[in-house]
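K.L.:
Quick one: structure below, then a few questions.
What follows draws every value from the coordinates through simple rules; no lab data is involved. The shown structure was predicted, so the numbers you read here are calculated from the model rather than taken from an experiment. Please note: Cβ atoms are built from the backbone with ideal geometry, for glycine as well, and neighbour counts cover all protein chains shown.
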């Protein structure tokens with residue numbers, strides 16, 4: 001893929017939750033989130049763009065896992081029409097909504 | 001299978017032979033047909049003979065033959081029962097018999113005739129299949145006759161609707177129902193699924209969710225709306241998300257007194273109810289009780305927001321800065337007067353829709369006295385305001401946004417007065433359904449307005465092309481971002497294509513418009529302006545032109561729009577999201593670039609998307 005040969009950027013990035021869980025996610029999938037995309041943009045000169053590691057102090061592991069799941073769901077369905085909706089447990093809904101709003105997803 | 005239909009020559013035709021005998025009549029009354037009995041006997045005899053011959057021919061012993069075909073005198077054993085109990089050898093034999101019979105059918109003249117009649121390729125493509133169908137048809141009992149069910153073995157009356165079972169025999173109604181339920185539901189669902197899917201794709205397309213998955217925020221909001229009955233509190237969601245939730249709950253008609261509570265928090269300053277049809281007067285009063293610091297109130301379909309609620313509002317210390325009321329047609333003029341007098345001093349925005357018989361000229365007159373801070377005024381779907389009332393708007397010097405949609409016929413002079421008075425301060429101007437205003441209004445806009453970024457003038461049959469051209473030529477106003485001039489066109493039922501007096505937005509006006517505002521324009525609606533010529537479109541969107549801001553264009557019912565124009569627009573507007581072309585029959589087969597949406601292509605396929613960049617092209 002194009003990402004692997006752009007200045008030696010890793011194909012994968014690591015998302016870290018507030019309680020220390022780490023999720024290694026395909027860069028292209030994670031860039032579905034506008035916030036993460038801006039963090040990782042090589043031109044942005046954020047620390048995240050060099051380390052490929054994003055720490056989210058306000059998102060816990062359970063929610064971040066769901067977010068990572070969404071990234072892959074979205075990546076898998078990126079060119080499909082009539083995509084079945086992803087299942088979201090109602091109890092996670094509000095927290096996930098806050099996270100999604102924060103991540104611009 | 002037992003296909004009904006083809007007129008089989010060997011089917012027992014009813015024989016009409018004069019008066020019936022008493023016995024025949026009696027039997028018929030008990031649903032027994034003498035004719036049928038004879039036919040059955042004949043068939044049995046023929047089968048026996050055939051079997052005998054076959055047995056002799058193939059050298060089988062007579063025992064087998066007797067076993068294979070029932071002897072004519074014996075009561076015919078019910079077919080399914082025999083099949084159920086038959087041994088392997090018997091089954092093999094039966095199969096052999098069947099094959100022979102089918103071979104005979106194939107050779108028969110009647111079969112050849114029927115094949116010719118059907119045409120050899122479509123319905124009965126396979127010769128074997130066709131012969132088998134014919135065989136089973138001759139074996140199958142006729143409607144009205146008794147038969148044993150293939151599955152349960154019970155006797156039942158055969159009807160035209162009797163269903164064939166898995167082995168070719170007929171089924172009783174009960175077993176038919178069971179079998180239908182087993183496979184029928186799947187079959188039915190598959191059928192409706194295709195239609196649902198197509199509609200869903202089109203619906204998503206119109207919503208702009210296309211292609212790929214919905215974003216996570218949308219998914220969460222939808223899930224939350226689905227489970228709103230479990231929610232106790234939205235926590236500290238940002239206002240933008242609260243608004244989206246309010247919208248989706250109303251869309252799903254879930255906004256009721258219980259869910260309203262989720263939106264009422266004492267520290268909020270905004271309450272939006274997009275569909276208040278299920279709320280009572282007390283619920284509206286509750287809004288002011290729970291949220292006393294409310295500044296922005298927006299209610300739609302708020303029928304129950306009536307005098308009682310208004311009285312309560314007047315008794316509170318609530319100081320509304322913006323009020324948007326839709327459908328509150330039970331607040332009388334006295335209450336409106338009191339509201340404007342007592343609460344008007346804080347009011348910055350007032351939007352009222354569908355007030356029916358209330359809110360007229362007197363109230364607008366009062367606005368000038370009591371609402372010195374009013375910046376935004378919208379009076380929409382109003383049945384009471386007249387020219388006189390519109391003239392009073394000229395006395396609102398602070399007004400920046402004006403939107404009127406008045407039902408009573410209005411004329412140009414009051415609009416000109418208003419524009420002469422407050423035109424310089426206006427930032428948006430929307431005059432909908434102004435059937436009779438003339439070019440003097442356009443002239444007043446041209447002369448007075450210098451800060452407008454949104455302009456709407458719709459449903460007019462008087463304004464001329466020249467008038468529009470003059471408006472947009474050498475206009476001191478900076479380029480606009482929103483222009484809606486739909487249905488400004490000449491109407492003549494007899495000669496619809498001619499426009500001798502140059503009425504409506506046509507070629508010159510359109511070119512002047514794009515020349516003036518093209519650089520910043522985001523929304524353009526010239527729906528039904530059908531006298532804009534093809535040359536004009538080609539010139540405006542010619543190679544080399546660029547309209548970087550255009551997001552949405554509506555060119556519906558502009559009859560000169562064709563494939564080439566649409567292609568040129570896609571090229572000239574890099575940020576375009578949607579283009580509407582309803583009723584433009586010149587648009588036939590356009591490839592739509594990825595990420596853009598073309599709505600209203602007049603063919604069954606809808607639009608075709610071409611892949612650009614990294615992904616493959618797809619066709620929907």
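K.L.:
Just to confirm my numbers, what's the Cα centroid distance between the stretch B:349-388 and the stretch A:18-63 in Å?
P.N.:
Here the answer is 52 Å between Cα centres.
K.L.:
Right, another one. Angle, helix A:93-103 long axis vs. longest principal axis of chain A, Cα atoms, 0 to 90°, nearest 10?
P.N.:
Once rounded, one gets 20 degrees.
K.L.:
Counting other beta carbons within 10 Å of each Cβ, put A:36, B:437 in order, fewest first.
P.N.:
Neighbour counts put them in this order, fewest first: B:437, A:36.
K.L.:
Please rank B:288, B:564, fewest neighbouring Cβ atoms within 10 Å first, as an exposure proxy.
P.N.:
Ascending Cβ contact count within 10 Å gives the list B:564, B:288.
K.L.:
Starting with the highest mean, order B:44-50, B:466-472 by the number of other Cβ atoms within 10 Å, averaged over the residues of each peptide.
P.N.:
B:466-472, B:44-50
K.L.:
Something else now. Using a 10 Å cut-off on Cβ atoms, rank the peptides B:173-183, B:305-315, B:320-330 from the highest mean neighbour count down.
P.N.:
Order by mean packing, descending: B:320-330, B:305-315, B:173-183.
K.L.:
Counting partner chain Cβ atoms within 10 Å of every residue's Cβ in B:222-235, what's the average?
P.N.:
Taking all residues of B:222-235 together, the mean is 3.
K.L.:
Connecting C-alpha atoms closer than 10 Å in a GNM of chain A, tell me which of A:67, A:24, A:83 has the biggest fluctuation.
P.N.:
A:83
K.L.:
What angle do you read, to the nearest 10 degrees and between 0 and 90, between the alpha-carbon axis of helix A:61-76 and the longest principal axis of chain A?
P.N.:
80
K.L.:
Just counting partner chain Cβ atoms within 10 Å, what average do the residues of peptide A:66-78 show around their Cβ?
P.N.:
Counting Cβ atoms of other protein chains within 10 Å of each residue's Cβ and averaging gives 2.
K.L.:
Starting from the eigenvalues of the Cα gyration tensor, five times each then square-rooted, give me the equivalent ellipsoid semi-axes of the stretch A:16-68, largest first, whole Å.
P.N.:
Over the Cα atoms of the stretch A:16-68, the ellipsoid semi-axes are 19, 12, 9 Å.
K.L.:
Going by the alpha-carbon gyration tensor, a ≥ b ≥ c the square roots of its eigenvalues, is the stretch A:41-105 rounded (a/c under 1.5) or, if a/c is not under 1.5, prolate (a/b greater than b/c) versus oblate?
P.N.:
oblate
K.L.:
Considering every Cα-Cα pair within the stretch B:359-475, what fraction, in whole percent, is farther apart than 24 Å?
P.N.:
Here the long-distance tail beyond 24 Å is 18 percent of all Cα pairs in the stretch B:359-475.
K.L.:
Separate question: Counting DSSP beta bridges with both partners in the stretch B:307-415, what percentage is antiparallel, nearest 5?
P.N.:
DSSP beta bridges in the stretch B:307-415 are roughly 0 percent antiparallel.
K.L.:
Here's another thing I want to ask about it. Per residue of A:83-90, what is the mean number of Cβ atoms on other protein chains within 10 angstrom of that residue's Cβ?
P.N.:
5
K.L.:
Along each principal axis of its Cα atoms, how long is the stretch B:407-476 end to end? Whole angstroms, biggest number first, please.
P.N.:
30, 24, 19
K.L.:
Let me ask another. Just rank A:66, B:384, B:95, fewest to most, by other beta-carbon atoms within 10 angstrom.
P.N.:
Least crowded to most crowded, the residues run B:95, B:384, A:66.
K.L.:
Hey, another quick one. In Å³ and rounded to a whole number, note down the convex hull volume per residue for the Cα atoms of the stretch B:271-350.
P.N.:
It comes to 76 Å³ per residue, whole-number rounded.
K.L.:
Take the alpha carbon atoms of the stretch B:292-425, find their radius of gyration, then divide it by 2.2 N^0.38 Å using N residues; give the quotient.
P.N.:
In units of the globular-protein estimate, the stretch B:292-425 measures up at 0.99.
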